[in-house]
1. Any chance region 39-53 includes a residue that's within 16 Å of the ligand (Cβ to nearest atom) and under 14 Å from the mean Cα position of the chain (by Cα)?
2. Just one of Ala293, Ala299, Ala276 is within 22 Å of Gly219 (Cβ to Cβ) and either among the hydrophobic types (A, V, I, L, M, F, W, C) or not assigned by TED's automatic domain parsing to the domain that holds Phe49 (or both); which is it?
3. Just the residues that are over 14 Å from Leu228 (Cβ atoms), within 16 Å of the ligand (Cβ to nearest atom) and either surrounded by fewer than 20 Cβ atoms within 10 Å (Cβ to Cβ) or without any contact (Cβ under 8 Å) to a residue 40 or more places away in the chain (or both), please, taken from region 9-29.
4. Looking only at region 259-278, count every residue that is among the hydrophobic types (A, V, I, L, M, F, W, C) and over 21 Å from the mean Cα position of the chain (by Cα) and tell me the total.
5. Scan region 282-290 and give yes if some residue there is away from the ligand (no atom under 16 Å from the Cβ) and outside any helix (DSSP H, G or I), otherwise no.
6. Just one of the numbered conditions (1) among the aliphatic types (A, V, I, L, M); (2) farther than 26 Å from Gly104 by Cβ; (3) assigned to a loop (DSSP other than H, G, I, E, B) is not true of Val19; which one?
7. List pairs: first residue in region 131-153 and under 17 Å from Ala115 (Cβ atoms), second residue among the acidic types (Asp, Glu) and surrounded by fewer than 18 Cβ atoms within 10 Å (Cβ to Cβ) anywhere in the structure, Cβ distance under 8 angstrom, at least six positions apart or on different chains.
Amino acid sequence: MIYSLAPMEGITGYVFRRVHAECFGALDRYYTPFLPPPRVGSTFGGKNFKEIDPANNEGLNVVPQLLTKNADEFVWAAQLLAEMGYTEVNLNLGCPSGTVVAKGRGSGLLRDPDALEAFLRDICERSPLPVSVKTRLGLEDDGEYARILAVYCRLPLAELIVHPRVQKDRYQGSPRWEPYGATLAAAPFPVAYNGDVFDTADRDGLLAAFPATRHVMLGRGLLANPALARMMAGGPPATREELERFHDALFHAYEEVVGGNAVFRMKEWWFYAKCAFADPLAVHRAVRKVRRAGEYEDAVRTIFSGMELAEEARFHG
Ligand SMILES: Cc1cc2nc3c(=O)[nH]c(=O)nc-3n(C[C@H](O)[C@H](O)[C@H](O)COP(=O)(O)O)c2cc1C
């Protein structure tokens with residue numbers, strides 16, 4: 001089984017990937033949060049370059065993800081990524097954000113399957129790297145997916161990662177398993193599952209229903225329980241000491257990279273990480289109002305020295 005880390009904008013960037021791999025072992029594969037391709041003729045700059053800079057991703061199997069509806073820019077970016085040594089590029093066809101969808105990007109590209117096919121055919125033909133796709137089922141209704149899946153099946157995708165919700169669902173409600181099963185049955189290329197796999201029982205349920213599953217992408221579940229992938233392989237849950245060490249390494253790595261914004265980054269992480277504690281609300285209250293690094297470190301010591309761990313660290317929204 002392949003376990004990969006989901007792309008999560010603002011959270012699973014290179015700092016998180018590196019520190020997490022150091023503390024809990026590397027996953028089989030990582031996807032970068034979505035990157036806008038540079039204009040044709042330009043290079044990736046600033047924080048987008050740092051995200052894919054091979055020096056920041058050493059030893060990890062990373063697939064860069066692009067968010068665009070511009071085929072020329074996709075192909076140009078794929079060329080740059082190939083030159084940096086990447087061996088696959090992923091296209092985001094799932095982002096549900098209103099502004100992204102309104103511009104016809106992310107899941108907005110699913111609105112018109114004919115246009116989607118023309119776009120994908122063009123990039124698959126011209127990209128120097130194999131193209132994988134991360135998709136939702138449609139915008140409003142999972143009935144849209146039959147046509148979308150038929151489009152995918154006509155194309156030489158490297159892999160199709162299915163997050164079986166529609167745009168309108170955002171991250172609410174249960175993932176719709178049937179269309180994932182239909183994908184496994186129909187696709188001539190490898191398929192991956194993503195959505196609400198928060199513990200080993202969730203994974204076991206998925207495998208019982210769909211024994212052909214070969215790749216599970218973990219997102220919020222791994223943020224709430226950093227030992228999740230290790231546990232999937234039969235390993236132990238995280239101890240308090242491991243969690244604290246992971247926290248400290250992550251905070252200090254963010255301080256090096258984003259300085260004063262490290263507290264803000266860590267508060268985003270705590271939104272998920274609080275689920276590792278028996279009283280997530282108390283954890284939330286402890287970190288909610290802090291602004292400065294010193295106050296933050298005091299709050300964190302209170303959490304790690306005084307608060308009980310949950311019996312099972314499991315994401316709950
Ligand atoms: C804060 C946040 C940021 C995300 N950013 C991205 C992204 O950059 N690219 C992408 O394909 N999906 C993105 N996603 C979706 C996740 O990759 C994943 O599909 C989703 O969280 C469902 O998987 P999970 O239930 O295992 O968390 C994001 C989700 C969240 C909550």
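1. So in region 39-53, the residues within 16 Å of the ligand (Cβ to nearest atom) come out as 44, 47-48, 50-52.
Narrowing the set further to residues that are under 14 Å from the mean Cα position of the chain (by Cα) leaves 51.
Checking region 39-53: at least one residue is within 16 Å of the ligand (Cβ to nearest atom) and under 14 Å from the mean Cα position of the chain (by Cα).
2. On the way: Ala293 fails: within 22 Å of Gly219 (Cβ to Cβ); Ala299 fails: within 22 Å of Gly219 (Cβ to Cβ).
Testing whether each residue is within 22 Å of Gly219 (Cβ to Cβ) and either among the hydrophobic types (A, V, I, L, M, F, W, C) or not assigned by TED's automatic domain parsing to the domain that holds Phe49 (or both) leaves just Ala276.
3. Glu9, Gly10, Ile11, Gly13, Arg29
4. To start, the set of residues in region 259-278 that are among the hydrophobic types (A, V, I, L, M, F, W, C) comprises 262-264, 266, 269-271, 273, 275-278.
Of the ones still in play, those that are also over 21 Å from the mean Cα position of the chain (by Cα) are 263, 277-278.
Summing the residues that are among the hydrophobic types (A, V, I, L, M, F, W, C) and over 21 Å from the mean Cα position of the chain (by Cα) in region 259-278 gives 3.
5. Let us first name the residues in region 282-290 that are away from the ligand (no atom under 16 Å from the Cβ), namely 282-290.
Subsequent filtering for residues that are outside any helix (DSSP H, G or I) retains 289-290.
Yes: region 282-290 contains one or more residues that are away from the ligand (no atom under 16 Å from the Cβ) and outside any helix (DSSP H, G or I).
6. The number of the failed condition is (3).
7. From residues that are under 17 Å from Ala115 (Cβ atoms), the pairs are Val151/Glu117.
Matching residues to (1) more than 30 Å from Leu116 (Cα to Cα); (2) of a type outside the set (Phe, Trp, Tyr); (3) touching a helix residue (DSSP H, G or I) at 6+ places or on another chain (Cβ under 8 Å); (4) not in a loop (DSSP other than H, G, I, E, B):
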{"site": "Gly10", "(1), (2), (3), (4)": "no, yes, yes, no"}
{"site": "Leu27", "(1), (2), (3), (4)": "yes, yes, yes, no"}
{"site": "Tyr30", "(1), (2), (3), (4)": "no, no, yes, yes"}
{"site": "Pro37", "(1), (2), (3), (4)": "no, yes, yes, no"}
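The values are calculated or read from the model by the stated rules, or taken from the named source; none is laboratory data. Because the structure is a prediction, the values reported are computed rather than measured. Ideal geometry is used to build each Cβ from the backbone, glycine not excepted, and the neighbour counts take in all protein chains shown.
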